[in-house]
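Step one of this worksheet: look at the structure below.
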Amino acid sequence: MIPAGLLAAACSSGEPDPANTGSGGGGGGAGGGEPAPLRIETDKGPVEGGLVGATRAFLGIPYAAPPTGALRWRAPAPHEPWTEARKATQAGPPCSQTSLLPPGLNPSSSEDCLTVNVWAPERPASAALPVLVWIHGGNFESGSGGEADYDGRHLSETTGSVVVTLNYRLGPLGFLALPELKSEDPAHPSTGAYGLEDQRAALEWVKANIGAFGGDPGRVTLFGQSAGAIGVCMQMVSPGSKGLFQRAIIESGPCASAGSALDEETATAQGERFVEALGCADAPSVLACLRDKPTEEVIAALPSSADALFDEGTRWYPVVDGWNLPDRPGELLEAGRFEQVPTILGSNADEGALVAALGGAVTRIADDAAFEAFAERLAPGRGADVVAHYPTATHGSAQEAANAAVGDGRFVCPTRRAARAMARAGAATYLYHFTYAPDGSLFGDLGSFHSAEIKLVFGNPTAILPAPLTQEELGMSRVIMGYWSRHAERGDPNGGGEIAWPRYDEQSDENLVLGPTVSTQTGLKKDACDLWDEIAAGAP
């Protein structure tokens, strides 16, 4: 995953722009007849949205009570009902997070942030529509479902689906683990997974309310990228989320990696350092002291490590608490203990390039000696094997060799492990490799970098790729949206006259290649992934 503060600075794209015209196509699947209403009755009260193009947009709808005051570090609580129609034409604030410009607490963020955004066709369809629910990335510390990158208008118009994005608590407010928190409610012995519980609460809101927006609560696809994709995987293995979604899409989310979650002992030690940093260790009530602290002090108390690649320093990740996560996601997948819904998952060809561009140890690989030292940190005890597999003579430089090792070791190969575990358990599994290298990145030529596919999935310019979609990109966007939407509709991405996507099986080892041309291949990064699987098997 990407260092959170750097990604926040690079990708702070703000709220959806109603005038955005970077469409991936139009009008797929909407019905005829009179326009559907802009005033919708939810289970808590009426909301009034707006019309943008051929799409009804309902933004900033609360799905849970503000997690502030006594509700800070508690499971999401039901929102109070309302009677007057709430204006739902502006996305809610991002959940509290840091920014680099200006440094410190992002001034647009807030603890009162648990909202969803819904895009639905203007005209009612003849039957309830598939629903796509997006979880944003950002290393569990930054980002928002209200970013313009994730505006759901074009995805809804192209596919005829209902699109939902959500916010969830981040950083220490979402993932602080303490014994005092775990024992606070004996009926809910959880700690360090409040952000995951927010995601579940948003899915519960979708189940209860999406029918009023024209969506089918029995055909919900949960999808996300990076930390958001890991969140999808964690909902698949979390017992409390069973039945809340029927398909999944995991974009560059290495949930089979050991580093995707913290064990409770490590997280608790980190939590104790957090308590000390805020001066609450000797307070009569540690929790009362913590809950009384201003947001900016909470966010700044224990900054996260700049090198998210390594299990070092502060990392605000979900915690294996025994309640929301019975074990590490990779272990649960291998044991077949997950919701076996049809799943698309994949990775990008140059995942490591953006990691290097944004900073940390991987940006300082000047020569072979630096690569050897870096490889040993990346794979303790196996650094020499990594260097042997990624010779600088082949990759052009030590930096490029390191980028390739990061991409395979942290993204491509954990994704293959997850696909194999899912397929062995009998889940319909579809593996992809995204190879399109877009021009115009704010960081220069990064190839097919981590998050590059988002521009095509949503049909929007993004913070890192700000130019409107080219004609070639519009065509690729329609193809990807087609695969995603057919998967959402019936749990199988095939159809629409596109190249057939083979169901993944460990023996055949086939995947789809998504790029300027679509094709199938066998044995994606086989030698590299066999090596990384060995390394993962020997890790503590």
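Does Ser110 meet the test of being polar (S, T, N, Q), in contact with a Pro (Cβ under 7 Å, 6 or more places away or on another chain) and either crowded, with 24+ Cβ neighbours inside 10 Å or more than 21 Å from Ser226 (Cβ to Cβ) (or both)?
Taking the combined requirement at face value, the residue satisfies it.
Which condition breaks for Arg416 when tested against (1) within 24 Å of the chain's Cα centre (by Cα); (2) not in a helix (DSSP H, G or I)?
Arg416 satisfies every listed condition except (2).
If the Cβ limit is 8 Å and pairs must be 6+ apart or interchain, which residue in the stretch 65-93 that is closer than 20 Å to Gly192 by Cβ pairs with which residue that is in a loop (DSSP other than H, G, I, E, B) and small (Gly, Ala, Ser)?
Every condition considered, the pairs that remain are Pro67/Ala77; Leu71/Ala65; Leu71/Ala77; Ala75/Ser190; Pro76/Ala64; Pro76/Ala65; Ala77/Ala64; Ala77/Ala65.
Considering only residues that are assigned to a loop (DSSP other than H, G, I, E, B), at pLDDT below 95 and within 24 Å of the chain's Cα centre (by Cα), which ones fall in the stretch 75-106?
Those that are assigned to a loop (DSSP other than H, G, I, E, B), at pLDDT below 95 and within 24 Å of the chain's Cα centre (by Cα): Leu100, Leu101.
Among Ala375, Ala384, Ala356, which is the only one that is out of contact with any strand residue (DSSP E or B) (no Cβ under 8 Å at 6 or more places or on another chain) and surrounded by fewer than 21 Cβ atoms within 10 Å (Cβ to Cβ)?
That would be Ala384, the only listed residue that is out of contact with any strand residue (DSSP E or B) (no Cβ under 8 Å at 6 or more places or on another chain) and surrounded by fewer than 21 Cβ atoms within 10 Å (Cβ to Cβ).
So which residues in the stretch 276-329 are β-branched (Val, Ile, Thr), within 28 Å of the chain's Cα centre (by Cα) and under 20 Å from Arg74 (Cβ atoms), if there are any at all?
Correct list: Thr295, Val298, Ile299, Val319, Val320.
Does at least one position in the stretch 190-197 carry a residue that is at pLDDT 95 or above, within 17 Å of Val116 (Cα to Cα) and among the β-branched types (Val, Ile, Thr)?
No.
How many of the residues making up the stretch 296-348 are within 21 Å of Leu278 (Cβ to Cβ), of a type in the set (S, T, N, Q) and surrounded by 21 or more Cβ atoms within 10 Å (Cβ to Cβ)?
Residues that pass the stated criteria total 1.
Matching residues to (1) more than 27 Å from Ala187 (Cβ to Cβ); (2) of a type in the set (S, T, N, Q); (3) part of a loop (DSSP other than H, G, I, E, B); (4) out of contact with any helix residue (DSSP H, G or I) (no Cβ under 9 Å at 6 or more places or on another chain):
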| residue | (1), (2), (3), (4) |
| --- | --- |
| Ser304 | yes, yes, yes, no |
| Arg315 | yes, no, yes, no |
| Trp323 | no, no, yes, no |
| Gln340 | yes, yes, yes, no |
| Ile344 | yes, no, no, no |
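Going by what's in this entry, would Ser190 be described as surrounded by fewer than 24 Cβ atoms within 10 Å (Cβ to Cβ) and free of Cβ contacts under 8 Å to residues at least 12 places away in the same chain?
no
Can Pro78 be described as buried (at least 20 other Cβ atoms within 10 Å of the Cβ) and closer than 28 Å to Trp316 by Cβ?
Criteria not met by Pro78.
Regarding Ala405, is this residue under 30 Å from Tyr504 (Cα atoms) and of a type outside the set (Lys, Arg)?
yes
Kindly indicate whether any position in the stretch 163-186 is surrounded by fewer than 24 Cβ atoms within 10 Å (Cβ to Cβ) and without any contact (Cβ under 8 Å) to a residue 60 or more places away in the chain.
Yes, the stretch 163-186 contains a residue that is surrounded by fewer than 24 Cβ atoms within 10 Å (Cβ to Cβ) and without any contact (Cβ under 8 Å) to a residue 60 or more places away in the chain.
Checking the structure you have, find out if any residue of the stretch 465-487 is under 19 Å from the mean Cα position of the chain (by Cα) and part of a loop (DSSP other than H, G, I, E, B).
Yes, the stretch 465-487 has at least one match.
Of all the residues that make up the stretch 476-514, how many are under 14 Å from His433 (Cα atoms) and polar (S, T, N, Q)?
1
Being among the charged types (D, E, K, R), buried (at least 20 other Cβ atoms within 10 Å of the Cβ) and not in a loop (DSSP other than H, G, I, E, B) is the filter here, so list the residues in the stretch 422-464 that pass it.
Residue satisfying the conditions is Lys455 alone.
Of the residues in the stretch 503-521, how many are part of a loop (DSSP other than H, G, I, E, B) and either without any contact (Cβ under 8 Å) to a residue 60 or more places away in the chain or touching a helix residue (DSSP H, G or I) at 6+ places or on another chain (Cβ under 7 Å) (or both)?
9
I'd like the full set of residues that are within 19 Å of the chain's Cα centre (by Cα) and over 29 Å from Gly214 (Cβ atoms), limited to the stretch 177-201.
Gly192, Ala193, Tyr194 - these are the residues of the stretch 177-201 that are within 19 Å of the chain's Cα centre (by Cα) and over 29 Å from Gly214 (Cβ atoms).
Evaluate the following for Ala404: is it buried (at least 17 other Cβ atoms within 10 Å of the Cβ), hydrophobic (A, V, I, L, M, F, W, C) and touching a residue at least 60 places away in the same chain (Cβ under 8 Å)?
Taking the combined requirement at face value, the residue does not satisfy it.
Among the residues that make up the stretch 61-73, is at least one of them outside any strand (DSSP E or B), of a type in the set (Phe, Trp, Tyr) and crowded, with 23+ Cβ neighbours inside 10 Å?
Checked the stretch 61-73: at least one residue is outside any strand (DSSP E or B), of a type in the set (Phe, Trp, Tyr) and crowded, with 23+ Cβ neighbours inside 10 Å.
Test of understanding: among Ala402, Ala379, Ala356, Ala384, which residue is in contact with a Phe, Trp or Tyr (Cβ under 6 Å, 6 or more places away or on another chain) and of a type in the set (Gly, Ala, Ser)?
Selected residue: Ala402, the only one of Ala402, Ala379, Ala356, Ala384 that is in contact with a Phe, Trp or Tyr (Cβ under 6 Å, 6 or more places away or on another chain) and of a type in the set (Gly, Ala, Ser).
Here are some residues: Ala306, Ala373, Ala335. Which one is modelled with pLDDT of 95 or more and more than 30 Å from Phe245 (Cα to Cα)?
Just one listed residue meets the conditions, Ala373.
If Thr363 passes every condition in (1) more than 18 Å from Leu446 (Cα to Cα); (2) among the hydroxyl-bearing types (Ser, Thr, Tyr); (3) surrounded by fewer than 16 Cβ atoms within 10 Å (Cβ to Cβ) but one, which one does it miss?
(1)
Looking at the stretch 108-124, which of its residues are at pLDDT 95 or above and not in a strand (DSSP E or B)?
Passing the criteria: Ser108, Ser109, Glu111, Asp112, Cys113, Leu114.
The values are calculated or read from the model by the stated rules, or taken from the named source; none is laboratory data. Source: prediction; values computed, not measured. FYI the Cβ positions are ideal-geometry reconstructions off the backbone, even for glycines, and counts take in every protein chain you see.
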